[in-house]
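S.K.: Below is a structure I'd like to ask you about.
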Amino acid sequence: MSPRRNRPRGGADKQSDAPRGEGGDRYGLERTEDWQGEEWAVRTIGGGAATKHYRCPGCDQEIPPGVPHLVAWPQYGAGVDDRRHWHKSCWNARDRRSARLQRSRHAPRY
């Protein structure tokens with residue numbers, strides 16, 4: 001029986017030696033999607049990169065730190081203030097959701 005190989009065969013890949021997060025691995029790839037006649041930039045945020053509380057516009061629930069989610073904003077003419085943090089399932093169901101959010105009587109409006 002031959003000993004177990006813990007290193008990949010061939011030359012060492014210099015890019016794999018970089019710490020995770022410096023090469024763009026911390027945030028997901030940015031993609032564009034069409035919604036409501038606009039192009040939206042959508043980026044996936046991993047749980048390690050999610051460090052703040054956000055409010056999902058799809059379900060009006062809080063996204064706590066450490067929960068993977070995605071950020072979407074209009075592709076053209078949008079600033080930093082136009083970015084919205086969504087649950088992935090809420091973003092996928094955005095066309096099936098009603099235009100008016102249903103809140104309970106004492107729910108906060110932020």
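S.K.: List, in order, the whole-Hz ³J(HN,Hα) value for each residue of region 41-55 obtained from phi through the Karplus relation with A = 6.51, B = -1.76, C = 1.60 and θ = phi - 60°; use x for Gly and Pro.
M.R.: 8, 10, 10, 7, 10, x, x, x, 8, 7, 10, 10, 8, 10, 10
S.K.: Still on this model: Given labels modelled 7 Å from the Cα in the Cβ direction, how far is it in nm from Cys59 to Ala93?
M.R.: Going by the 7 Å Cα→Cβ label model, 0.7 nm.
S.K.: Residue by residue, what Karplus-based ³J(HN,Hα) values in Hz, rounded to whole numbers, does region 58-72 have, using 6.51, -1.76 and 1.60 with θ = phi - 60° and x for Gly and Pro?
M.R.: Coupling constants for region 58-72: x, 10, 6, 9, 7, 9, x, x, x, 9, x, 7, 9, 10, 10 Hz.
S.K.: Could you give the length gained by full extension between Leu29 and Thr51, i.e. 0.36 nm per residue of separation minus their alpha carbon distance, to one decimal place?
M.R.: Taking Leu29 through Thr51 to full extension adds about 6.1 nm, to one decimal.
S.K.: In whole Hz, with x marking every Gly and Pro, tabulate ³J(HN,Hα) for region 30-38 from phi via Karplus 6.51 cos²θ - 1.76 cosθ + 1.60, θ = phi - 60°.
M.R.: Karplus values, whole Hz, x for Gly and Pro: 8, 9, 10, 9, 8, 7, 6, x, 10.
S.K.: While we're here: Rounded, prolate or oblate, given the Cα gyration tensor of region 45-98, with a/c below 1.5 counting as rounded?
M.R.: Here region 45-98 falls in the oblate category.
S.K.: Amide H neighbours of Tyr54 under 5 Å, counting only residues 5+ apart in sequence or on other chains, H built in-plane at 1.01 Å?
M.R.: It is Ile63, by chain and number.
Any read-out appearing in this document is the output of simple, stated calculations on the displayed coordinates, not a laboratory observation. Quick caveat, the model's predicted, so the values are computed rather than measured. Methodologically, a virtual Cβ is constructed for each residue, glycine included, from the backbone with ideal geometry; neighbour enumeration extends over all protein chains shown.
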